[in-house]
Amino acid sequence: RRKGRHTVEEKEIIFGRNPVLEYLKSGSDIRGTLFVSDSAHGKIIDVIKDAARQRKVKIELAPKEKLAEMKEGSSHQGVILVIEAGRAALDEREIIKRAVSQNGVLVLLDQLTDPHNVGAIIRTAEALGAAGIIIPRSHAPEMGGVVAKTSAGATAHIPVVVVANAARFLDEAKQAGIWVIGSDDQADTEISKLSTIRPALLVIGSEGEGMRRLTAEKCDHIVKIPLKGKVSSLNASVAAGILLYELLK
């Protein structure tokens, strides 16, 4: 499985109007079928169909009941893209090499399992220009359409690499010259220092738990977000957005 997609029998299923359109616009080689509900109409549906035609993706009109059977329990919004063969995904070494060559920023999600938070972070990371997302396999959320929809289709444009061992990946990143950055309410370093640290890997911990001890021990810098209100912590995706903005501005 790959982030933002749901893999069934070597097919990848993308659903929802924005995610489907973003995948059709992504520039990657797509071989598959676009299923469109025969009751779905409107400008966005026409745009999706035109994008499919330009990419030579087969279009099949179907009753909305068939789409509901294909993705039970989902809000498919009248369109489902079934990709026959997935696009080649980057491996751990390739994403590290890319981050170093771009002097860029990676984001590692440490035990973050809420697909809405994950999708929101991916959307922000892609919008701000991050080089990729890293997710430990043992603590990854279900790689379904909720992530793709919450990310507004950003999973089509930013590499998402699922790694077997987060600690080992951090070691390899550090050996390649990437600075590892974590965040904690008790840290002394202000986030204003972040923009000078490159290439970098930002660790985002789970809500409530934060970073695991082993992960925190591998951080070169631990920073805090200065809060002035009475609420003592931020939603993980909001905190990630603030930290990424400071890193990438």
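The values are calculated or read from the model by the stated rules, or taken from the named source; none is laboratory data. This structure is a prediction, so every number in the text was calculated from the model and none was measured. Here the Cβ positions follow ideal geometry from the backbone for every residue, glycine too, while neighbour counts run over all protein chains shown. Side chains included, ligands, DNA and RNA excluded: accessible areas come from the protein's heavy atoms. Shrake-Rupley method; radii C 1.70, N 1.55, O 1.52, S 1.80 Å.
Each of Lys49, Lys97 has its accessible area taken with a 1.4 Å probe; listed largest first, they run Lys97, Lys49.
Of Lys97/Lys193; Lys224/Lys249; Lys193/Lys224; Lys97/Lys174; Lys174/Lys224, which sit over 19 Å apart, Cα to Cα? Walk me through the intermediate numbers first.
Details: Lys97/Lys193 24 Å; Lys224/Lys249 17 Å; Lys193/Lys224 11 Å; Lys97/Lys174 12 Å; Lys174/Lys224 21 Å.
Listed pairs above 19 Å: Lys97/Lys193; Lys174/Lys224.
Highest mean first, how do 35-45, 117-127, 100-110 rank when packing is the count of other Cβ atoms within 10 Å averaged over residues? Display every interim value, and only then the final one.
Working: 35-45: 15.3, 117-127: 24.3, 100-110: 20.6.
Order by mean packing, descending: 117-127, 100-110, 35-45.
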